[in-house]
Amino acid sequence: MGQHGMDPSAPLTGTPSKKTKRKLKYEMRKQLISFVFMIFLTSMAFISIASDAIPATFAIPFILLLAVIQVVLQLYVFMHLNERGNGWTNIMIWTGVLIAILTVATLMLLIGVRKW
Amino acid sequence: MSNAQAQSKSVLWDWLTTVDHKKIGIMYLVAGAFFFALGGLEAILMRIQLMFPEFTFLPAQTFNELLTMHGTTMIFLAAMPLLFGFMNYIIPLQIGARDVAFPFLNSLGFWLFLFGGIILNVSWFVGGAPDAGWTAYVPLSSESPGTGLDYYVLGLQVSGAGTLIGGINFLVTIINMRAPGMSMMRMPLFTWSSFVASMLILFAFPALTVGLLLLMLERVFGGQFFSVDFGGNVVIWQHLFWIFGHPEVYILILPAFGIFSEVIATFSKKRLFGYSAMVFATLIIGFLGFMVWAHHMFTVGMGPVANSIFAVATMAIAVPTGIKIFNWLLTLWGGRIQFTTANLFALAFIPSFVMGGVTGVMLATSAANYQFHDTYFVVAHFHYVIIGGVVLGLFAGAYYWWPRMFGYKLDEKMGKIFFWMFLIGFHLTFFVQHFLGLIGMQRRVASYLPGQGFDQMNFISTIGAFLMGIAFIIFVISIFTSRKNKVTVADPWDGRTLEWTMPTPTPEYNFAQTPLVRDVDALWYEKYEGDGKMKAAEPLGDIHMPNGSILPIFISLGLTIASFGVIYLDSVWWLIVVGLGVTFGAMFVRSIKEDHGYHIPKDEVLNHNKEDR
Amino acid sequence: MKFLWRLLPFTFILLMAGCGKQNLSALDPQGPVAEAQFSLISLSLYIMIFVIVVVFAIYVFVLIRFRERPGDTHIPKQVHGNKTLEVIWTTIPIILLLILAIPNVMETFTLADTEETEESMMIRVHAHQFWWEFEYPDYDIVAGQDMYIPTDTKIIIELEASDVIHSFWVPALAGKQDNVPGITNDMWIQADKEGVYAGKCTELCGPAHWLMEFKVIAVDPDTFEEWANNMAEPPYVEEELTEVAANGREVFEQSCISCHAVAGEGGNPAGGPVLTNFGERSNIAGYLAYDDVDGHQNLYDWIRDPGPLKPGNAMPGFSEDIISDEEMDALIEYLNTLKVLD
Amino acid sequence: MAEKTVDQHTLPPNPEKATLEGRNKFMGFWFFLGGETVLFASLFGTYLGLRGGTMNGPGPSDLFHLDLVFIMTMILLTSSLTSVFAVISMKKGNFKGLLAWMSVTVLLGLAFLGMEIYEFYDYYHKGLGYSTSAFASSFYTLVGTHGAHVAFGIGWITTLIIRYRKSGLTLTNAPKFYTAVLYWHFIDVVWVFIFSVVYLMGIGG
Ligand code: HEA
Ligand code: HEA
Ligand code: CUA
Ligand SMILES: [Cu+2]
């Protein structure tokens, strides 16, 4: 573990390398864009419900789709899930999502009110 | 900072504040053994009551409390913590690590479990234990009078938090802390199966957390989730419980499978047959473990499509489990099988567990399950898999790792007496219960009427339970009488894996130098292909160690205090504030006080190693 | 060899027949549902015994052949594994499971077929802590504790519960389904032969869970018609009562009728079992012998203080201050007259 | 576990993952979020199973005001962005910026929480008590659990800001800030679903 001799509570100094700076700048732009996009998606969802013009049979799947897109954006753009070395993290999150879907579906469908 | 903190304070303080995974492991084992004896005693009391028809040894209410506490104690406070004990002690050693990923959280996990267990058992002394079965089906549980069920909810909530923390800790430890060369596919099977079990913990326990939360809100704070008159639904609880509950049984069995893999390979002197198939099968079991929970609910009225799907999914688990069974058999095949006590337990596991497993598949036959469900057939099934799998695994692990953990071998002669008595008692107790179920005896009955053909078999069953009890007492005695069998070598069993490479007793830093791993069964490889010594992956140097802390106890204590505030909301609600204050206060202190640990200087490591060699 | 396989479960069943009580055991099915389930149990048992025999055979061989012998110190060959073997012991279990899974799925659907037909009959089963109530919508009658059914008729059962979850199980006729508050479940049963079949509650429902027993009484269809009609209008209503029994009726109408309906009068939804045909029960409260050695001591004890007899049950006791011994005799005499068949 | 030998005091590209402790924390926290996913799924499932159970009490369409909830959503989304800015500041070595953006995040979180409390207050006065119906209990429990997460996040980040206000960026505090930000994003993810599934679907069908 060979970190002895260093003091982890000493402030880090210096500035990031040129490469990192460029990457950060690019990232910043990407995040701003996806933020705007997320705002847009939320508004779309809001409008599709708030306006009576759109039938619920369409609106419900539509807003759920929008929610899923937003989540993927959050996970991959804001939370950097796609970065290298996140293999296990991805496995755990998506396993969690799988079980989450099963759980929600079950509690909606299999609680005895309707028989399948 | 130097090793000032490490210097001798009182022994008690040392144990209370320790963050050493080995000491925490031992504390898990001690507490788990205590709860095992307690749960066993509860079982024996139940068996006495069931010895004769219409026996009046215990009132029905007490019986229901005993059966609830027996199940809950055995699963949450005995089997799982005992496994956690081995996992804590052994995993870091097997992967060549000096520590776990989160030593502080590790200790917190232990104390949460212990305080949770204490909360649960306090109920005996203050108006009665929970009485709705370990599954606590609503509305029986949500409407159960008294405070028993409140103790159940809060005790399990607190100890469940500890388990979740423990699970995450093992996952990160195994992923991040492996020694150089120890790739995932070189990990010993015990580490692998504990890894998968930890994944199950990570995803199963949150469902229980929510279930318990809802039950608490319903009972104490006026929630209406399960009140039919207010639009509630009682099946939701069953799903939440079993989404947790079924993976839970694999959380129990997988580490036990891991233990058997180690013990069988060691004592047949052979490499584990089909290593990658074993790993793969473990993963599949873990995955399928999440797809089948509703097989506990075939009679609840989900409908034939749902029942069929869950039935077939459940049966599928027989396939990977079978792969494991046959790979163990083939590991033995061609080996040189030594009948040590540890191996006796492992060998007895194979037929016992297969018998329990196949009745599981019978239960999974949904249309036939209508006959089996909630009868003694089910009781027989799960004791066969749990005792024939998990408990035999725990004893195998105890005999196997005892010298590593305590520096002496358990007496083999007493061990064999214990083994045979326990095994015979076990089959005597539970074999007849299959038939009891089929001829009409429901489970969870406080007694039964004469003249139904139940009498003899129940009597036999009780005798078997006595045998198991006596056997266990022999085991406990042998722990104390064996202390003279000192072990001074590092590798008393001609072992295969890294936990047998360090001096006995295990130094607090485990490895003076992080080992370099060159094959599966790293130690065996060096012994029989190399020069017998582990290669080091780093030069000898100062070793960084984390500081102990008393805060985990305070965090757990705070939650315990708050739990009493919830249970007695009407009178002492302010305890919630006090308790949460203590908990968050301790967390706050922890987060603002930076703690970088200390170093054991190189010279000291060198000296220590010389002394012990 | 093949012959032996067939014989094994059979001997096992013979063995069990000695233990199980008739009309209680799931191994002695008395109707098509239990028979179907029994044949699935047998099928699964064949398969499981096959699996066990294979595993045990390898196991015993290995333990004998490869045990360490004194003085033996050889190091066994470190085998890695074998692909062919892995495939074999993956495939064979899959095949065995398919053999079990397919009939199971078919049977699961058959048993779920609760569509009402011309010939079928419907009974609604309400479970209470700790007793059973049977409602016959086609006849507009309600019975307690004893469920009368006609033989050879498909009985559709709807299950409901009023307090906690219970589960309706008549092992010799059919597997169980749960009575779940707020939900209606259904199942069907059928009896081939006349007889009395023991039924049990199989979901933990409180301290007297173990005493929540009932009976299914299968009679021939004609008798059933008679029973059902008489339940609606009991013959004893017209008949002259003895003086004692008439006194008993008065006591009953004073103390009991608010909870227990007789001949369509009295009772309340939170009350107790309908007693219209109580005189024909073989058990009181599902388990106490009706005619015991001391005459009607059990009934007497039950009315005086039912609490200890069935812990947690909802019926209050009636001490001597409320019902004197003399009145009690009359009451019991009256209860004995409540018969609809003879 | 040989550490790459870098000068320990120069800013690495990913300070939160520069030490083993940091990597452990980072990974452990992600795993925890995997578990939290199941936790919230259980609450969502319970809500969806029970949302029809209003029992003559008020139901979604009697209660929800979408406009307020829409604003709440915007606030929380924005706070997600500000916490991203905080991380970028951190990677730039700009500790002041980190603290500042984190503070903005906390403020937005507080605004959100305030509105949620107002919302609950309002529903309560429209006749939706906690015990009114199964719908009420499951609604308050789901949304309330999320609210409790927000409150905990606020407390956590505030503690970090105060504790490290003078220390500068270090290898110990970088992972702490980073995990707090992950937590905050997760809260946002959950809210997106609450917004869609509870509120929009509650009104829309
Ligand atoms: C360690 C714990 C453990 C384990 C490992 C298992 C393993 C299995 N269990 Fe068990 N089970 C419990 C603990 C466990 N169970 C408990 C505690 C309960 C009751 C809970 C309660 O209600 O209180 C329960 C209840 C339970 C039920 C519900 C019964 C009911 O209430 O009606 C069912 C139904 O499907 C079931 C099925 C199975 C199956 C199919 C397996 C399989 O994993 C078994 C697989 C193994 C084998 C099959 C043997 C080896 C395989 C071969 C040799 C290959 C060839 C085999 C075939 C082709 C069949 N179990
Ligand atoms: C890990 C899990 C586990 C273990 C190990 C056991 C072990 C045992 N169980 Fe358990 N059992 C369950 C889990 C377990 N059980 C569960 C989950 C249920 C369901 C509960 C429910 O329905 O809700 C259940 C239910 C259950 C029932 C059914 C109750 C009912 O439905 O009415 C019975 C009845 O025979 C029983 C018996 C036993 C016996 C005899 C043992 C024996 O193996 C125990 C042997 C005992 C010992 C080995 C210790 C003896 C100790 C002493 C004598 C004290 C001495 C002290 C010192 C020396 C310090 N159990
Ligand atoms: Cu009713 Cu058990
Ligand atoms: Cu299961």
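The values are calculated or read from the model by the stated rules, or taken from the named source; none is laboratory data. Predicted model only: the values in this text are computed from it and were never measured. Neighbour counts are summed over all protein chains in view; Cβ atoms, including those assigned to glycine, are modelled from backbone coordinates with ideal geometry. Accessible surface areas use protein heavy atoms only, side chains included; no ligands, DNA or RNA. Shrake-Rupley method; radii C 1.70, N 1.55, O 1.52, S 1.80 Å.
Below, the figures for the structure above:
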{"quantity": "Rounded tilt (10° steps) of C:325-336 against the dominant C-alpha axis of chain C", "calculated": "60"}
{"quantity": "Violating pairs (Cα-Cα greater than 30 angstrom) within the set B:Lys269/B:Lys416; B:Lys22/D:Lys92; A:Lys25/D:Lys166; B:Lys527/D:Lys25; A:Lys115/C:Lys200", "calculated": "B:Lys22/D:Lys92; B:Lys527/D:Lys25"}
{"quantity": "Estimated [θ] at 222 nm from DSSP helical runs (n ≥ 4, -39500 (n - 2.57)) normalised by residues in the protein assembly as shown, nearest 500", "calculated": "-20000 deg cm²/dmol"}
{"quantity": "Qualifying aspartates and glutamates (Cα of each under 18 Å from Cα of C:Lys77; at least 8 residues distant if same chain)", "calculated": "B:Glu262, B:Asp494, B:Asp519, B:Asp521, B:Glu526, B:Glu529, C:Glu68"}
{"quantity": "Radius of gyration and Dmax over the Cα atoms of the range C:238-337, both given in Å", "calculated": "12.8, 38"}
{"quantity": "Average beta-carbon neighbours from other chains, 10 Å sphere, peptide B:578-589", "calculated": "1"}
{"quantity": "Kyte-Doolittle mean at least 1.0, axial Cα span of 30 Å or more - DSSP H helices of chain B", "calculated": "B:21-49, B:148-176, B:189-220, B:235-268, B:341-364, B:412-438, B:455-481"}
{"quantity": "Residue-level accessible surface for A:Thr89, protein heavy atoms, 1.4 Å, Å²", "calculated": "0"}
{"quantity": "Inter-chain shielding of C:31-37 (mean C-beta neighbours from other protein chains, 10 Å cut-off)", "calculated": "2"}
{"quantity": "10 Å Cβ neighbours from other chains, averaged over peptide B:322-331", "calculated": "6"}
{"quantity": "Electrostatic dipole magnitude of the protein assembly as shown [Cβ: Lys, Arg +1; Asp, Glu -1; Cα centre; debye, to 20]", "calculated": "10100"}
{"quantity": "Dipole of chain D, positive direction: furthest Cα of D:Thr141, D:Gly168, D:Leu66, with charges on the beta-carbon", "calculated": "D:Gly168"}
{"quantity": "DSSP-defined antiparallel bridges as percent of all bridges, the protein assembly as shown, nearest 5", "calculated": "75"}
{"quantity": "Sites B:Asp595 and B:Ser276 - FRET efficiency at Förster radius 51 Å, r taken between beta-carbons, to 0.05", "calculated": "0.80"}
{"quantity": "0 to 90° range, to nearest 10: angle between helix C:83-111 axis and chain C longest Cα axis", "calculated": "20"}
{"quantity": "All lysines inside 21 Å of C:Lys339 as judged from Cα atoms, apart from same-chain residues fewer than 8 positions distant", "calculated": "C:Lys215"}
{"quantity": "For C:Cys259, distant residues with modelled amide H under 5 Å away", "calculated": "C:Gly267"}
{"quantity": "Accessible surface of A:Lys115 - all protein chains present, 1.4 Å probe, nearest 10 Å²", "calculated": "70"}
{"quantity": "Derived scalar couplings ³J(HN,Hα) [the range B:496-504; Karplus, 6.51 cos²θ - 1.76 cosθ + 1.60; whole Hz; x for Gly, Pro]", "calculated": "10, 10, 5, 5, 9, 9, 9, x, 10"}
{"quantity": "Three-way shape call for the protein assembly as shown based on the alpha-carbon gyration tensor, with the a/c threshold at 1.5", "calculated": "oblate"}
{"quantity": "Helix axis angle, C:32-65 relative to chain C longest principal axis, alpha carbon, degrees", "calculated": "30"}
{"quantity": "10 Å binning of all Cα-Cα separations within the range A:23-78, expressed as whole percents from 0 upward", "calculated": "24, 43, 23, 9, 1"}
{"quantity": "Packing-based ranking, highest mean first, of C:238-245, C:179-186, D:159-166, B:439-446 given that Cβ atoms within 10 Å are counted", "calculated": "B:439-446, C:179-186, D:159-166, C:238-245"}
{"quantity": "Unit charges on C-beta of K, R, D, E only; dipole of the range C:266-321, Debye", "calculated": "280"}
{"quantity": "Per-bin percent of Cα-Cα distances, chain C [20 Å]", "calculated": "25, 44, 20, 9, 2"}
{"quantity": "Positive dipole terminus of chain B, leading residue within B:Ser461, B:His239, B:Asn485 (C-beta point charges)", "calculated": "B:Asn485"}
{"quantity": "Distance between the range B:201-238 and the range A:42-116 - C-alpha centres, whole angstrom", "calculated": "23"}
{"quantity": "Where only alpha carbons of the range D:142-187 are counted, the Rg and the Dmax (Å)", "calculated": "11.9, 38"}
{"quantity": "Listed residues C:Cys256, A:Leu73, A:Ile47: farthest to the positive end of the dipole of the protein assembly as shown (Cβ charges)", "calculated": "A:Leu73"}
{"quantity": "Relative packing of D:34-41, B:450-457, which averages over residues the other C-beta atoms within 10 Å, highest first", "calculated": "D:34-41, B:450-457"}
{"quantity": "Karplus 3J(HN,Hα) series, Hz, for the range A:104-116 with 6.51 cos²θ - 1.76 cosθ + 1.60 (x for Gly, Pro)", "calculated": "5, 4, 4, 5, 7, 9, 9, 9, x, 5, 10, 9, 10"}
